[in-house]
Amino acid sequence: MDAGRMDMMTDSSPRGEDAAPASSRLLDLLRGRSGLDPHMLERAERVSASTGEPIVEVLLKLGLAAEGDIAEALSELHGLPLVRADAFPDLPPYEGRIADRFLHEHALLPIGEDETGRVIVACVDPSREFALKALGLALGREVTPVVALASELEAALGRLHGFETSGEDEGDERDLAGDEPQDGEGGDSLALDIERLRDLASEAPVIRFVNRMIARAVELRASDIHLEPGEYGLRVRLRIDGVLQEQEGPPARLATAVISRIKIMARLDIAERRLPQDGRIKVAIKGTPIDLRVATLPGLHGEGVVMRLLDREQVALDFAALGVEGRTLTRFLSVLERPNGIFLVTGPTGSGKTTTLYAALSHINDESRKIITVEDPVEYQLEGISQTAVRPDIGLTFATALRAILRHDPDIVLVGEIRDVETAEIAAQAALTGHLVLSTLHTNDAPSSLTRLLDMGLEDYLVTATLNGVAAQRLVRRLCPACRRPGKVDPELLARLGVADVAAWLEGATVFVPQGCPECHGSGYRGRTAILEILEMSDHVRRLLIERAELSALREAAIAQGMETLLHNGLGKVRAGITSLDEVLRVAQGAAHTSDAAADEAAGGG
């Protein structure tokens, strides 16, 4: 059978008596897996019965089960091996003998031969026997199916064979990714290009790639998706537990279409490629609502996109889940529970400041208090709290919103960030008039926040009169409990790194190091926890601030009165086996930032 005849075949997957029991057995296997909602699986069964679509396609389309769980269940159901992306070939197999379109439509990819000469074929759903038989006829060989993850197979097909489009040739697709019309060129040409780009972004392969990319990000617990156009294609990376990890991208010729698809989903202007844009996307993955904050940025090779994933059902708004406990929690609450004044949480972008403030609000929120927030943007909706988003484009800044909020008689006010002296002064006046004000700053540690407020232009008497305390925060990755292993500390290396006292802190403790396993996708870490240092204002610290003492003097005074530094708070989590010494040094000790090899040597991993 030639490729042309094979290209015209349609799938005739089993729909009758054999299909129903297989579907039921698959759902039974999935129900036994943790985290899968039985009601959602029943919904998929109803949809499959009413539409006639195979249950696997329904589960993937609706995102009702993770593709990894589906693949493992299919592997167990059919008694077939499960292969991953590293088993796929580097070059197109049997090129010219099979129509690319057939492979895409039926999600099949020959990946090798066994010792008997049978062709090993990776597929998403082994129950689609007709397509496998057709492939065998086209090759004149017997085939042996193996199970693959849908997104990995789709990405490999795109890399090896490219995606089919609606009849447009390659030249047209290059035009879509080209430059804007030069001066003197007609606007009709640009409008036509935009319309073609919109059509291409609505093609099924592009939609599938974007949907599966988002679903995979959720499955891997990523916080951000980064799409970065380059000279040779679109780079896709996921930020998982604070670290970027490369993923398979789409074919280079579809890079612009993928970006346009995301812009369409976020209700952005796909014709505007010269200015940054911001938007939001709401999707449901496995029945769970997920919000994505979308930001575009023009670059040399096209628009880059970053999508931040906000899973409202997974966010932890209690201190224990965040890793704030023991003495640190006691100090935190002693500052938080004062009736008025300012309490700041500080740290770099992505250090979990907003989540900690949300946990603080949840702790002090009750019927006797009125709480109002002004944020940029509102990330999570909190029950019983009035939340406002700033809109600088219409003049609604932190300062103007804060002025308006104070006329609504709140007890507690959360200001997303103190960015300028105007906002700082209004926050200070609010604290002086009996309000509790919570906010954030961008500084490296807690003592630096005091000098930052002075440098911003806030009078020293306002700082000393209103500031209750500052919590500096970082996030460190948690060791995977399934594969962590004991290591040892190298005192000589720590001395060379300038943190010799760390060895004394860890003396006698069992220090664990990462190893990597399927549970943590080979990283050795799973999830993150917070480390904090909390500075409580005292008369001595206030006096030093009025005297404009050096930052080092402020830090020494804070430590003398009981402040545990970020480094030593992190070392407590190292002693407890929660994280690794490498993580704490990487995050909390800027001067001791080590390479992976050096840190592994320090922790006995070499």
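Residues are listed down the side, and each one gets a yes or a no for (1) within 19 Å of Glu379 (Cα to Cα); (2) of a type outside the set (A, V, I, L, M); (3) under 15 Å from the mean Cα position of the chain (by Cα); (4) surrounded by fewer than 18 Cβ atoms within 10 Å (Cβ to Cβ):
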position	(1), (2), (3), (4)
Leu234	no, no, no, no
Gly242	yes, yes, yes, no
Pro251	no, yes, no, no
Ala255	no, no, no, no
Ser260	no, yes, no, no
Arg267	yes, yes, no, yes
Ile285	yes, no, yes, no
Arg293	yes, yes, yes, yes
Thr296	yes, yes, no, no
Checklist entry - Yes or no: Asp311 touching a residue at least 40 places away in the same chain (Cβ under 8 Å), surrounded by fewer than 17 Cβ atoms within 10 Å (Cβ to Cβ) and touching a helix residue (DSSP H, G or I) at 6+ places or on another chain (Cβ under 9 Å)? => result yes
Checklist entry - Taking Leu317 and the conditions (1) modelled with pLDDT under 90; (2) in contact with a helix residue (DSSP H, G or I) (Cβ under 6 Å, 6 or more places away or on another chain); (3) part of a helix (DSSP H, G or I), which numbered condition does it fall short on, given that it satisfies the others? => result (3)
Item to check | Filter pass, Gly570 being open to solvent by less than 80 Å² (accessible area, probe 1.4 Å), in a helix (DSSP H, G or I) and within 30 Å of Val218 (Cβ to Cβ) | outcome: yes
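Residue-by-condition table, conditions (1) within 21 Å of Glu337 (Cα to Cα); (2) surrounded by fewer than 18 Cβ atoms within 10 Å (Cβ to Cβ); (3) modelled with pLDDT under 90:
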residue	(1), (2), (3)
Thr397	no, no, yes
His408	no, yes, no
Asp411	yes, yes, no
Leu414	yes, no, no
Ala431	yes, no, no
Val437	yes, no, no
Thr440	yes, no, no
Item to check | Answer residue from segment 62-95, given it is open to solvent by 70 Å² or more (accessible area, probe 1.4 Å) and under 25 Å from the mean Cα position of the chain (by Cα) and is farthest from Lys282 (Cα to Cα) among those | outcome: Asp86
Next on the checklist: Can you find, within segment 196-232, the residue that is modelled with the lowest pLDDT among those that are of a type in the set (Gly, Ala, Ser) and under 21 Å from Ile264 (Cβ atoms)?
Outcome noted: Ala201
Checklist entry - Within segment 354-367, how many residues turn out to be open to solvent by 70 Å² or more (accessible area, probe 1.4 Å) and in contact (Cβ under 8 Å) with a residue 24 or more places away in the chain? => result 1
Checklist entry - Looking at (1) under 19 Å from Ala465 (Cα atoms); (2) part of a strand (DSSP E or B); (3) without any contact (Cβ under 8 Å) to a residue 24 or more places away in the chain, which is the one condition that is false for Leu344? => result (3)
Item to check | Residue list for segment 514-542, restricted to those being over 18 Å from the mean Cα position of the chain (by Cα) and farther than 27 Å from Glu564 by Cα | outcome: Gln515, Gly516, Cys517, Pro518
Checklist entry - Quick check: is even one residue across segment 130-148 modelled with pLDDT of 85 or more, within 29 Å of the chain's Cα centre (by Cα), open to solvent by less than 20 Å² (accessible area, probe 1.4 Å) and of a type in the set (A, V, I, L, M)? => result yes
Checklist entry - From the list Pro392, Pro377, which one is open to solvent by 70 Å² or more (accessible area, probe 1.4 Å) and within 28 Å of Ser223 (Cα to Cα)? => result Pro392
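The values are calculated or read from the model by the stated rules, or taken from the named source; none is laboratory data. What you see is a predicted model, and the numbers here were worked out from it, not measured in a lab. Cβ coordinates were reconstructed from backbone atoms using ideal geometry, including for glycine residues, and neighbour counts include every protein chain displayed. Side chains are part of the model used for accessible areas, which takes the heavy atoms of the whole protein and leaves out ligands, DNA and RNA. Shrake-Rupley method; radii C 1.70, N 1.55, O 1.52, S 1.80 Å.
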